[in-house]
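The values are calculated or read from the model by the stated rules, or taken from the named source; none is laboratory data. Everything quoted here is computed from the prediction, not taken from an experiment. Ideal geometry is used to build each Cβ from the backbone, glycine not excepted, and the neighbour counts take in all protein chains shown. Remember, those area values only see protein heavy atoms, side chains included, never the ligands or the DNA or RNA. Shrake-Rupley method; radii C 1.70, N 1.55, O 1.52, S 1.80 Å.
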Amino acid sequence: MADRNFLRDFPIFHGNPPAYLDNSATTQKPDAVVRAICGYYGGCNANPHRGVYDWSVKATKIYETARASVQKFINAKSPAEIIFTKNATESLNLVAYSYGLANLKADDEILITISEHHSNLVPWQMVAKKTGATLNYIYLARDGNLSDAEISAKLTRRTKILAVTQVSNVLGLINDVKTLAAKAHEVGAVIVVDGAQSVPHIPVDVQDLDADFLAFSGHKMLGPMGIGVLYGKKNLLEEMPPFLSGGDMIEYVEEQDTTFAELPNKFEAGTQNVGGAAGLSAAIDYIQKIGFDEIARVEKNLTALAIGALKKLPYVELYGCDSERGNKIGIVTFNIRGAHPHDVATILDAEGVAIRAGHHCAQPLMKYIGQNATCRASFYFYNTIEDVGRLVDAVAKVRKVMHLD
Amino acid sequence: MLEEIYTELLAEHSQSAENRRALENPTLKEHGHNPTCGDDITLELEISGGVIKDAAFTGGGCAISQASTDMMIELMRGKSVDEAKKLAELFIAMIKGEVTDDAELEQLDEAISLKNISNMPARVKCATLAWHTLDTALAKA
């Protein structure tokens, strides 16, 4: 396989970097992204949308160009449907608090899956408690995919919101969101898609999926931390009350009443993260230059190599690695018999391998699969076969270091 | 570095079953956990006349948290509540790197072997969990 050496594009990988296998937590940033952020702060930093002078006009242009770039990237109909937030968590909170509180009442049901990250779970618990709605869960089939029987049984006329991750951050399995959206719409529910783990790795077209809402973070797709996106269908966003209020999201403010700005500004209170938007826009350009076909090819190859090698170690247990649908991104979750994941991560760190250990912000899923915690190696396109080799070699040392063998 | 942490002593203590049980007549029971990593223990103490007569724990977690708990229980058995509080403070100070003098740390007995965890910020919480839990429990004694 003639991999392009992407590592040159990433300042953090110059020298002797560790095998960075925590890409589901956050990704590294290419030069182009760092330059875009520096270019904004060093070139035309000013508060957008307000000033009439040159820098402010340029800042506004950078910010709105980034919005257009996100719009094209996920094929939204209009830039008014792209709300910039801090991250996927804030995007999901926005939907829960604004749409959820305004539309749910007692006896309504919110349906989520047991694989949700806490960010697509806790806000719904809060909204359920405030409105009296019930929070229900779709459980998994044996292979880790959502159970079809569960979906049919639990998605009913009482369901008003189906909130589902497109890719589980623990199992790495891709859910068929398009089919789920159609089923949700059949019963009159809206579908909220957590795209934090999918948008960086697979093409996501909101019109093709017919998603009502899609949330994702910039920092998991080469962009900086502190910039995220909420996509919402225009007719839904227009009906929703503001989430945060204050400057920049208003039309007229009088002593007792306010009329709100048009979309998307209605949902963007206060000075926004222009530098973050510039970075995200550069990240999108970089991803598009590489292309999702290439990203998938590299990730699938590395994932198959890692799973194959880890399966040969009799004391390694893998989770979510048995799906026969080929619907897996580069996430390999595992445990070593007798070794706690935190000990594993410490030992791997000493070998220059960075993985995540813990509950991965998915405690209900951990409980469901009967583990307190797991180890997770997650790949992105810049990872290499050498990284996989370092992972496997280090895993093979763990039991010896811990005096278990 | 790793050899200094994952010693045979640590392996023995983390796998030892002797102190991993429920007490028949606990006078104090305290639950402690590290929400970010999932170490989770319940510490039981039998205190009479101001002395820790017996101690045991149930729960689970990484080797460092479990070995540290086990070492702590062996150290505390037979100690007065006041002595136990001081030892817990001393251990936490050692892991924070605030006390480094081996002569002073000798009182911690086998738990002194965890001293090097002060160089591993990511694992400090694992090592101190039991000792913080004990501290909370003894505040009620």
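Under 5 Å from the amide H of residue A:167 lie the amide H atoms of A:175, A:197, A:198, each residue being 5 or more positions distant or on a separate chain, with H modelled from the backbone and absent for Pro and chain starts.
Taking a straight line from the alpha carbon of residue A:154, these aspartates and glutamates sit under 18 Å away, with near neighbours fewer than eight places off in the same chain left out: A:107, A:108, A:109, A:116, A:176, A:186.
If you take every residue apart from residue B:99 with its C-beta less than 11 Å away from the C-beta of residue B:99, what net charge results, scoring Lys and Arg +1 and Asp and Glu -1? Mind showing how you got there, number by number?
Numbers: positive: B:96, B:115; negative: B:89, B:98, B:101, B:102, B:104.
Spelling it out: positives minus negatives among the neighbours equals -3.
The label point for residue A:61 and the one for residue A:289, both projected 7 Å from the Cα toward the Cβ, are 2.1 nm apart.
Just the number, please: buried accessible area between A and B, total of both chains, 1.4 angstrom probe, nearest 100 square angstrom. Intermediate results must be reported in sequence, preceding the final value.
Working: alone 17280 and 6930 Å², together 22940 Å².
Roughly 1300 Å².
In the calculated pair distance distribution of chain A, what percentage of Cα-Cα distances lie above 41 Å? Cα-Cα pairs of chain A separated by over 41 Å account for 16 percent.
Interface residues of region A:391-405, defined as those losing at least 30 Å² of solvent-accessible heavy-atom surface relative to the isolated chain (probe radius 1.4 Å), are listed as A:401, A:402, A:403. Looking at region A:207-312, the GluC sites (Glu not before Pro) that sit in a DSSP loop and have at most 12 other Cβ atoms within 10 Å of their own Cβ are A:254, A:255, A:262. Based on DSSP H segments of at least four residues, each scored -39500 (n - 2.57), chain A has a per-residue ellipticity at 222 nm of -11000 deg cm²/dmol. With a simple spin-label model that places each label point 7 Å from the Cα along the Cα-to-Cβ direction, the separation between residue A:185 and residue B:53 comes to 7.1 nm. A 1.4 Å probe, protein heavy atoms only, puts the accessible area of residue B:77 near 80 Å².
With a 1.4 Å probe and every protein chain kept in, tell me what percent of the accessible surface of region A:247-405 is carbon plus sulfur.
On the way: 3250 of 6770 Å².
Taking all protein chains in place, region A:247-405 shows 48 percent carbon and sulfur surface.
For region A:220-337, a simple Cβ point-charge model (Lys and Arg +1, Asp and Glu -1, everything else neutral) yields a dipole of about 1220 debye relative to the Cα centre.
Inside 10 Å of the C-beta atoms of B:61-73, what's the mean count of C-beta atoms belonging to other chains?
Across B:61-73, the average partner-chain Cβ count within 10 Å equals 3.
Over chain B, dividing the summed -39,500 (n - 2.57) contributions of all DSSP H runs of at least 4 residues by the number of residues returns a 222 nm mean residue ellipticity of -12500 deg cm²/dmol. Rounded to the nearest whole angstrom, the semi-axes of the ellipsoid equivalent to chain B, taken from the Cα gyration tensor as √(5λ), stand at 22, 17, 13, largest first.
A simple spin-label model places pseudo-atoms 7 Å from Cα toward Cβ; at residue A:53 and residue A:101 they are separated by 3.8 nm. When chain A is treated as a GNM with alpha-carbon contacts under 10 Å, the residue of A:184, A:102, A:128 showing the greatest mean-square fluctuation is A:102. 3J(HN,Hα) along region B:125-139: 4, 5, 5, 8, 3, 4, 6, 5, 5, 4, 4, 5, 5, 5, 4 Hz, from the Karplus curve 6.51 cos²θ - 1.76 cosθ + 1.60 with θ = phi - 60°, whole Hz, x for Gly and Pro.
In region A:224-344, a dipole from Cβ-located charges (positive for Lys and Arg, negative for Asp and Glu) runs towards its positive end, and of A:308, A:286, A:261 it is A:308 whose Cα lies farthest in that direction.
Rounded to the nearest 20 debye, the dipole size of the protein assembly as shown about its Cα centre is 1260 debye, using +1 on the Cβ of Lys and Arg and -1 on the Cβ of Asp and Glu. Projecting the Cα atoms of A:95, B:124, A:114 onto the charge dipole of the protein assembly as shown, computed from C-beta unit charges around the Cα centre, puts A:95 farthest toward the positive end. Each of A:222, A:395, A:368 was scored by the projection of its Cα onto the charge dipole of chain A, and the greatest displacement toward the positive side belongs to A:395; charges sit on the C-beta of Lys, Arg, Asp and Glu.
A straight Cα-to-Cα reach below 27 Å connects residue A:400 with the lysines A:311, A:312, B:115, B:125, residues fewer than 8 places away in its own chain not being considered. Burial of accessible area (probe 1.4 Å, heavy atoms of protein chains only) in region B:1-16, relative to its chain alone, reaches at least 20 Å² for B:2, B:6, B:8, B:11, B:15.
Quote the FRET efficiency, to the nearest 0.05, computed for residue A:251 versus residue A:367 with a Förster distance R0 of 35 Å and r equal to the Cβ-Cβ distance.
The calculated FRET efficiency here is 0.15.
Solvent-accessible area of residue B:62, all protein chains in place: 0 Å² (probe radius 1.4 Å, heavy atoms, ligands and nucleic acids excluded).
Surface composition of region B:2-138: carbon and sulfur make up 47 percent of the accessible area, probe 1.4 Å. Surface analysis of the protein assembly as shown yields an accessible area of 42 Å² per residue, using protein heavy atoms and a 1.4 Å probe. The dipole here belongs to region B:2-138: it is taken about the Cα centre, uses +1 on the Cβ of Lys and Arg and -1 on the Cβ of Asp and Glu, and is about 460 debye. Cross-link list A:367/B:53; A:130/A:367; A:234/A:328; A:77/A:183: which exceed 24 angstrom alpha carbon to alpha carbon? Flagged as over cut-off: A:367/B:53; A:130/A:367; A:234/A:328. Cross-link pairs exceeding 22 Å in C-alpha to C-alpha distance, out of A:178/A:266; A:29/A:178; A:129/A:160, comprise A:178/A:266; A:29/A:178.
Taking all protein chains together and rolling a 1.4 Å probe, residue A:137 ends up with roughly 40 Å² accessible.
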